[in-house]
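To keep things clear, I will list the structure first and then write my remarks on it.
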Amino acid sequence: MSTYNELIHSYRKQFKEKGLPPETVKAFLFELCNDYEVNLYLDIDKQVDKRIEDKFMKGIERLLNNEPMNYVLGYSYFYGYRFIVNKDVLIPRPETEELVGLILSQYDEYYKGRKIKVCDVGTGSGAIAIALKKEEDNLEVYASDISSEALTVAKQNALNNNCEITFLEGSMLEPYIDNDIKVDILVSNPPYIKTVETIESSVYDFEPHVALFGGSDGLKFYREILENAHKIIAPDGLIFFEMGYDLKEQLTDLAKQYLPESEVKVFKDINNKDRMLMIKL
Ligand SMILES: C[S@@+](CC[C@H](N)C(=O)[O-])C[C@H]1O[C@@H](n2cnc3c(N)ncnc32)[C@H](O)[C@@H]1O
């Protein structure tokens, strides 16, 4: 039996040797302790709780194998809400929390508390849809994905967060068109990594490829959405996209090509990168 401190130090060394960030060890143990209401900082020199040690030993090997910590834990936090995540869904990113913040502020400006319909295309874990509904109950929220496995996770997340969302399965806008659903706001964080781009192995090896790649120019799914948007969005509606930081010019041109009367605005993320695009029809 060892103390929490000893456990951290023995594994920090292994992480360093493998070129992985040693801080991960403490962060992982901290999360496990929280689940058992143990305060790691107060108990740092106490013997490790057996239940925590068992979980730690199982998980640490996966972390040493470069698997993202949220998959090992089985959950992630997004906009203050807890979401189940597994190999079938992308781990929601902090940039996407900024997208949710932008949508909520623009909703206040354009719709001023009115009841409106919103859809989240490519919902994955349901992060965007669920956070929007939790923050603004006047939104009637639809969420769709091509992956039935992802939808299973998203539905469970909606249930766990006590949140009413209508889920649809299908490719891009097809399920909305087929069911004659019209919305005021369309939001999507579609797969946008270029197929030729090299990405971190922890992402490539563990996150679902259907959630990552957006064709040779990264624009495949934006094109599909923009081409069909007029079929499901109200004439004065809004579209919000998360985008690759290097897609600003191309995506603006694409929006103007398909929706020539619209106003297009790009917003930067906290790291000063072009990250969100808003289209006012
Ligand atoms: C970048 S992930 C975004 C997930 C989630 N919205 C988020 O922001 O964390 C893209 C999502 O699009 C889904 N997807 C990929 N191709 C699709 C398609 N043709 N139609 C609908 N969804 C698709 C993937 O399954 C994945 O869940």
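Calculate, in nm to one decimal, what Arg82 and Glu67 gain on full extension: separation in residues at 0.36 nm each, minus their alpha carbon distance.
Using 0.36 nm per residue and subtracting the Cα-Cα distance, I get 3.4 nm.
Can you give the FRET efficiency for Thr166 and Val196, using 1/(1 + (r/R0)^6), R0 = 30 Å, r = Cβ-Cβ distance, to the nearest 0.05?
0.25
Which FRET efficiency value, to the nearest 0.05, do you get for Ser105 and Met57 by plugging their Cβ-Cβ distance into 1/(1 + (r/R0)^6) with R0 = 45 Å?
Numbers: r = 45 Å, r/R0 = 1.00.
About 0.50, to the nearest 0.05.
Rounding to the nearest 10 and keeping the result within 0 to 90°, find how far the Cα-based axis of helix 248-258 lies from the longest principal axis of the chain.
Approximately 30 degrees, to the nearest ten.
Expected output is a single nm value to one decimal: the length gained when fully extending between Lys115 and Val210, i.e. 0.36 nm times separation in residues minus the C-alpha distance. What is it?
Going from the current span to full extension adds 30.9 nm.
Scan the chain and report its longest stretch carrying no chymotrypsin sites (Phe, Trp or Tyr not before Pro) that are both in a DSSP loop and have at most 15 other Cβ atoms within 10 Å.
Numbers: sites that count: Tyr36, Tyr41, Tyr245.
With chymotrypsin sites (Phe, Trp or Tyr not before Pro) excluded where exposed in loops, the chain gives 42-244 as its longest stretch.
If I model a spin label as a point 7 Å beyond the Cα along the Cα-Cβ vector, how far apart are those points for His9 and Ala27 in nm?
The modelled label-to-label distance comes out at 2.3 nm.
Restricting to DSSP loop positions (anything but H, G, I, E, B) with no more than 14 other Cβ atoms inside 10 Å of their own Cβ, which trypsin sites (Lys or Arg not before Pro) remain in segment 210-281?
Those that pass, being in a loop and sparsely packed, are Lys273.
Please work out the Cα center distance from segment 1-70 to segment 224-241, rounded to the nearest Å.
Using only Cα atoms, the two centres lie 46 Å from each other.
Work out how much length Tyr36 to His230 would gain on full extension: take 0.36 nm times their residue separation and subtract the Cα-Cα distance, in nm to one decimal. Could you put the intermediate results ahead of the total?
Numbers: separation 194, 0.36 × 194 = 69.84 nm, distance 5.01 nm.
So the chain would gain 64.8 nm between Tyr36 and His230.
Once the Cα atoms of helix 148-160 and of the chain are each reduced to a long axis, what angle between those two axes, in degrees from 0 to 90 to the nearest 10, is obtained?
Long axis of 148-160 versus the principal axis of the chain: about 80 degrees.
Within segment 114-185, report the GluC sites (Glu not before Pro) that DSSP leaves as loop and that have at most 12 other Cβ atoms within 10 Å.
Qualifying residues, ordered by number: Glu164.
What percent do you get for the relative contact order of the chain when only Cα pairs under 8 Å and 6+ apart count?
13
Within segment 16-122, report the trypsin sites (Lys or Arg not before Pro) that DSSP leaves as loop and that have at most 15 other Cβ atoms within 10 Å.
Values: sites: Lys16, Lys18, Lys26, Lys46, Lys50, Arg51, Lys55, Lys58, Arg62, Arg82, Lys87, Lys112, Arg114, Lys115, Lys117; in loops: Lys18, Lys46, Lys87, Lys112, Arg114, Lys115.
Sparse-neighbourhood loop trypsin sites (Lys or Arg not before Pro): Lys18, Lys46, Lys87, Lys112, Arg114, Lys115.
No lab work stands behind these numbers, since they all come straight from the coordinates. Fair warning: this is a prediction, and the values are worked out from it, not measured in the lab. Here Cβ is always computed from backbone atoms with ideal geometry, including for glycine, and neighbour counts include all displayed protein chains.
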